[in-house]
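Here, each number is a calculation from the coordinates, and none is a lab measurement. Computed from a predicted structure; not experimentally measured. Every residue, glycine among them, receives a Cβ derived from its backbone with ideal geometry; neighbour counts consider all protein chains shown.
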Amino acid sequence: MTQRITIIGGGLSGSLLAIYMAKRGFEVNLFERRPDMRKASIYQGRSINLALSTRGLHALSKIGLDAEILSDAIPMYGRMMHSKTGELSYHPYGKEGQAINSVSRGRLNIKLIELADEFPNITLHFNSRCIDVDIDKSIATFELEDGSHKTVQSDRIIGTDGAFAATRGKLQVSERFNYSQQYLHVGYKELVIPAGENNAFLMEKNALHIWPRGSFMMIALPNPAGDFTCTLFVPYEKFDSVKTDADIQQFFEEEFADALPMMPTLIEDYKQNPIGSLVTVKCYPWVKEDKLALMGDAAHAVVPFYGQGMNCSFEDVVVFDNMIEKYGDDWKTIFDEYQKERKPNADAIADLAVQNYYEMADKVGDKHFLHKKHIEHELSELYPDKFKSQYELTTFSLSGYKYAWDMGKKNDALLERIIAEGAEEKIKNPAYMETLWPLLK
């Protein structure tokens, strides 16, 4: 008998999961509380740009969508730092040719929904808000657009319904369920740098632009139309104090003077777009027997500063699919092995993302930090088989996030040893480096 799977949440991870499950021949019902994004714009004013890297591309390659998404993406080969005085400094992300890709969240989600709609064994349900889940009976209840209720029974339910998941809510009231949420002290607001004449980019196209200011920052990602999506990250107290037209103008004149002339709609955008919050969610267990599993932000919401939220969620889907391949019809084992594999890695990328906020906002202006980054980059180039940076392991490999977290600490000890010994020139000598490689064991 064909397995019936209910997926609650039709965002990026939910729509990708639906395709993976349909390819295995399962009968899939995908429910999304928002309208059909192919007919209505649902992404105004919130994180409309994403950084697609190796893990996400690996997941998309398995359904043949990687090349199409990359065709409209913009590769970003490094960070372009903007000082208060307008000086620019460029820092590559990895080796020559390595890049993260700026993609449109909306376009990617629509492509996934379009592909899902091509499968006869996937049924899409929009404007369907989950209001209850009976885990033991594997029954989900939804409120429809007209206020009526729809109940669906299946063999198992997978919650991909985001950081404030209704599916996780049912687990939270169950026995021995661990849960924490931690809000970052900064909020965010989306702004824009429009394209110039003939859709020309007004700044370097193939870079992620950062205006680091210690306790706050602004970033900008390029779009195919020549514009940049900017995101301002500042403490809530600053948002409270910058409200009037004059406040906004003065704030940007003082902190982002080089960006201000490129932002003709700044005041309108600032006043119109909402302030978003940034939350890290950790929980466990992610599953209940063989009936319910959490995936993506429902299991592990992370802040966006490593550009890995989507990539991590997509990797959930790949690992889950691998477990089905490995354990066949043993769904209890599939669910349990999936959560055991993913939980340590999800915790690691959550911590890496918070760490990277402070790195981006503050440390990129620190001379010791930049000196260390320069040595790190040189070691990566000189000894590619022996040394990989934490960023490279996280962004340009399929190694576990936990491994990247652990190796980052070891790398840091090695770099500090080199600096303490004044041995920056000696790193080109393999014999000297042989004395240091044991630090990475």
Distance violations [Cα-Cα > 18 Å] among Lys343/Lys409; Lys367/Lys441; Lys373/Lys426; Lys137/Lys332; Lys372/Lys428: Lys343/Lys409; Lys367/Lys441
Gyration tensor (alpha-carbon) shape descriptor, the chain, a/c threshold 1.5: oblate
Net lengthening on full extension, Gln181/Ser277 (0.36 nm per residue, minus Cα-Cα): 33.4 nm
Calculated [θ] (222 nm, deg cm²/dmol) that DSSP helices of n ≥ 4 give over the chain, each run adding -39,500 (n - 2.57): -12000 deg cm²/dmol
Inter-probe distance in nm under a simple model that places probes 7 Å from Cα toward Cβ, at Leu88 and Lys62: 4.0
Separation of alpha-carbon centers, the stretch 274-331 and the stretch 156-189, rounded to whole Å: 11
Integer Hz, Karplus 6.51/-1.76/1.60 couplings in order for the stretch 372-385, x for Gly and Pro: 5, 5, 5, 5, 4, 5, 5, 4, 4, 6, 6, 10, x, 8
The stretch 178-290: Lys pairs at Cα distance under 17 angstrom, eight or more positions apart or on different chains: 5
Amide N of the stretch 376-412 lying under 13 Å from the label point, which is placed 7 angstrom from the Cα of Trp437 along Cα→Cβ: 383-388
Lys/Arg +1, Asp/Glu -1 at C-beta; the chain dipole; positive extreme among Asn199, Ser83, Val103: Val103
Cβ crowding within 10 Å averaged over residues, with 5-14, 261-270, 245-254, 300-309 ranked highest first: 5-14, 300-309, 261-270, 245-254
Debye, to nearest 20: dipole size of the chain, +1 on Lys, Arg Cβ, -1 on Asp, Glu Cβ: 740
Three-way shape call for the stretch 366-440 based on the alpha-carbon gyration tensor, with the a/c threshold at 1.5: prolate
